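See structure below.
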Amino acid sequence: MLEELDIRNLGPIREATITPAAGMTAITGETGAGKSMLLSALNLISGGPADAGRVSTGASEAWAQGIFAVSEESAAAGIAREAGVEPEDGELFLSRTVRAAGRSRAVLGGKSLPKSVLVAVAGELITIHGQAEQLKIASPSRQRDFLDRAAGDERELDAYREAWRALSAMDERLTRLRSQESSARQRADYLRESVEHINEVDPHPGEDEELKAKRDRIENAAEIAEGVSRALAALDSSQLDYDSSSESASASDLLLQAAQALRGIRASGDFGELADRLESLNAELQDVVFALSGHLDEDFGDADLDTLNARIHELGELMRRWGPTLADVVAWRDKAAFEIEDLDASPEKLAELEAEREQLYQAAAAAADTLSAARAEAASRLAARVTAELESLAMAGASLEIRVTPRTASATTGDGKSDASGERALDQNGGDDIAFLFTPYEGSPQLPMGKSASGGELSRLMLALELSAADIHAGAAAGAAAGAGKGRESASGTGDAGDGNGSGDMAPSDMTFIFDEVDAGVGGKAAAELGRRLARLARTSQVIVVTHLAQVASWADAQFVVTKEPPDADDDAVGVVTTVAEVEDDARVHEVARMLSGSESEASLDHARELLASSKA
C-alpha cells in the first residue's frame with residue numbers, strides 16, 4: 001500500500017506530498033492542471049522511462065519517491081531482500097532521480113540499484129491502468145498471469161512447473177546425445193583412450209612418493225650399510241658378524257658393567273635405583289639396536305634403479321596430464337568413465353532415456369491438464385462476472401470471453417516431430433493459449449482485448465476485471481472459512497455482481513491500483529455506479545483514481561485537488577506552477593460542486609453535500 005508519494009521538480013509540480021487513504025483516493029482538478037504528473041511520478045518509481053523533458057524549468061533534476069507498507073511475507077519484500085534491502089519497520093522506499101542531462105538513478109531503501117530491481121519490486125506493489133499501461137494487457141503472457149491470479153492456481157502451477165523442469169532437463173540431455181558432432185565423438189575417443197591408458201598403468205594414490213623413497217634408499221645403500229654398521233659396533237658389537245674381542249667394549253656392555261658395579265655397593269643410598277635406570281637405558285638401547293639391525297639386513301630383492309625410475313616416470317606422465325596428484329588422476333578417470341556413457345549414445349542408452357522421458361512427459365501432461373481445468377473454470381467465472389459488471393459501467397451489450405485453448409505441438413516446435421508424436425506443446429507456463437476476447441457493444445465483432453476498446457472503455461474493462469478477480473478470491477476465502485457448502489454466494493459466482501455490497505470481508509492486499517481515464521464517456525447513473533465499484537475494490541486494495549466526475553470522487557475516502565497557479569511575477573524563470581492539496585469538509589464540498597456544475601452556487605453546493613452524504617451512506 002502506498003503511504004506517501006513525494007514529488008520534486010517534475011513538470012509544473014515544484015514540490016508536492018500526497019498521503020493517499022488506505023481505501024480509495026480521488027485526484028481531481030481542472031483539465032490541464034497537471035494531474036498527469038502524478039501518474040508520471042508513479043511511473044518513474046515503477047521503473048518507467050526517464051524523460052529529461054519532464055524536469056521542471058530551471059531545475060537540475062526531478063525526483064519522486066513512494067513509501068510503501070509491505071507485509072513481511074510479501075513478494076515485494078522478498079525481492080527487496082534478494083537485492084540486499086531489508087524493509088524498515090514494514091516499509092519500502094522506492095525513489096527515482098532524473099537529471100536534466102538525461103541520466104536517471106533508481107534507489108530502493110537508500111541503496112542504488114539497477115532499474116530492473118525497481119521494476120520487479122514495483123510490479124508487486126503498483127498496477128497502473130492508464131492509456132499506455134492498459135495496452136500491456138493485450139500481451140498473452142499478461143492475460144495468462146491475470147487469469148492465474150484470479151484462479152488462485154498457485155498449487156497447480158507449482159506442481160506443473162516441477163514436472164516440466166524434469167521433462168526439460170531430460171529433453172536437453174537427449175538433444176545433446178542425438179546431435180553429437182565430430183568434436184564430441186573425438187572427445188569420446190580421447191576419453192576412452194585416456195581411461196584405457198590410466199588403467200594399464202594402474203596407479204595408486206601415494207605410490208609415486210613410496211617409489212621415490214625406495215629409490216633413495218637403493219641409491220644410498222652402501223652409505224646406509226656403513227653408517228648402520230658403525231652405529232651397531234658402538235652400541236652392541238655382538239650384532240655384527242665378525243669377532244669383536246679385540247675391540248673396545250660397546251655402549252651396551254658399558255651400561256651393564258656400570259649397573260653391576262652399582263649393585264655391588266653394600267652401603268645405603270640410591271645406588272640400586274640408579275642401577276635400575278641404567279638397565280632401563282640398556283633396554284631402550286636394545287630397541288634401537290634391533291631397528292638398526294633390520295636396516296642392515298634390508299633386502300631390495302631384484303629391484304633395480306632402471307625399473308624403478310621407469311615406473312616413477314610413467315606415474316609422472318599421468319600426473320602431468322591429469323594431476324597434479326595420483327589421487328586427481330584416479331578421480332579424473334572415474335569421472336571420464338561416466339561422461340563416456342553419455343557421449344557414446346549407444347542405442348540401448350538412448351532407448352533407456354527415451355522410456356524415462358516418456359514417463360516424465362506423461363507426468364507433465366497430467367499436471368498441465370489439471371492446471372488447464374483450473375484455468376478453464378476460473379475463466380468461465382471471471383468472464384461472466386466481468387460481463388455483468390460492464391452492464392453497470394455504461395457498457396450495455398459489452399461482454400468478455402476468456403478462451404483457454406490447449407496448445408498444439410506444431411505451433412511451438414515447428415520441427416514436425418511433435419506432430420507425429422501427437423504430444424501436447426508444453427512450456428514453463430503450461431500447455432494453454434489464453435485469449436481475452438472483448439465485444440464492446442452488441443453486434444460488434446469479437447476482437448482481442450486491447451484492439452477493440454477505447455481508452456475509457458479499456459479502463460472500465462480493467463476495473464471490472466480487477467473487481468471480479470477480487471470477488472472470486474473473497475468468495476473462495478469465505479467458502480473455506482465457512483466450511484463446505486456454507487460459503488458466500490460469491491464463491492459460486494451466483495451473487496449479484498453489481499450490488500456493491502458483496503465481498504466486504506476480503507482481506508487487504510499490498511497492491512495499489514491506479515485508474516486513469518476510467519470515467520471517459522461516462523455520466524449520470526453510470527458514473528455513480530462507477531464510483532461505487534471503485535469503492536468496492538478499495539475494500540481489498542488501495543485505489544487511486546484520476547477523475548473528472550463528482551459522482552466518482554464523492555466515493556473516495558480522501559480527495560486531492562491539482563491546481564494550476566499563475567506565474568510568479570518576481571521570478572521570470574518559473575512559469576506555471578501546479579500545486580497539490582488535500583481537500584476536506586467544506587473545501588471538499590466546494591471542489592465537488594465545481595466538478596458538478598463548474599461553479600460554486602448555493603444549488604451546486606447543496607447538490608455536492610447531498611452527493612457526498614449519499615456516497616458515505
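Considering only the other residues whose Cβ falls under 14 Å of the Cβ of L255, what net charge follows from Lys and Arg at +1 and Asp and Glu at -1? Each step should come with its number before you reach the end.
Working: positive: R263, R277; negative: D236, D253, D276, E279, E284, D287.
Overall, the nearby charge balance is -4.
Quick check on packing: order 516-525, 22-31, 252-261 by the mean number of other C-beta atoms within 10 Å, highest mean leading.
Numbers: 516-525: 19.0, 22-31: 21.4, 252-261: 15.7.
Put in order of decreasing packing, that is 22-31, 516-525, 252-261.
Provide the per-residue ³J(HN,Hα) series for segment 113-124, in order, calculated from phi with Karplus coefficients 6.51, -1.76, 1.60 and θ = phi - 60°, each as a whole number of Hz, with x at glycine and proline positions.
So the J values, rounded to whole Hz, are 9, x, 4, 4, 5, 4, 4, 5, 5, 4, x, 8.
Can you tell me how segment 306-392 classifies by the Cα gyration tensor, rounded, prolate or oblate, using a/c under 1.5 as the rounded cut? Let's see the in-between values first.
Numbers: a/c = 8.83, a/b = 3.57, b/c = 2.47.
Note, shape of segment 306-392 comes out prolate.
In sequence order, what are the phi-derived ³J(HN,Hα) couplings for segment 390-407 according to the Karplus relation 6.51 cos²θ - 1.76 cosθ + 1.60 with θ = phi - 60°, rounded to whole Hz, with x for glycine and proline?
4, 4, 8, 10, 6, 9, 4, x, 7, 8, 10, 10, 10, 9, 10, 10, x, 7
Give me the percent of the accessible area of segment 47-137 that comes from carbon and sulfur atoms, probe 1.4 Å, all protein chains in place.
Roughly 48 percent of what the probe reaches on segment 47-137 is carbon or sulfur.
Could the peptides 376-388, 576-588 be put in order, highest first, of the mean number of other beta-carbon atoms found within 10 Å of their residues? Write down the numbers at each step before the final one.
Details: 376-388: 20.2, 576-588: 15.8.
Order by mean packing, descending: 376-388, 576-588.
Quick query: amide H of V543 versus all other amide H atoms, modeled in the peptide plane; which residues come in under 5 Å with a sequence gap of 5 or more or a different chain?
M24, T25, F513
Search the structure for amide H atoms under 5 Å from the amide H of T578, placed 1.01 Å from N in the peptide plane, and list their residues when 5 or more places away or on another chain.
I13, R14, E565
The values are calculated or read from the model by the stated rules, or taken from the named source; none is laboratory data. Owing to the predicted nature of the structure, the values given are computational and were not obtained by experimental measurement. No Cβ is skipped: glycine too gets one built from the backbone with ideal geometry, and neighbour counts run over all protein chains shown. Accessible surface is based on the protein model in full, side chains and every heavy atom, while ligands, DNA and RNA are left aside. Shrake-Rupley method; radii C 1.70, N 1.55, O 1.52, S 1.80 Å.
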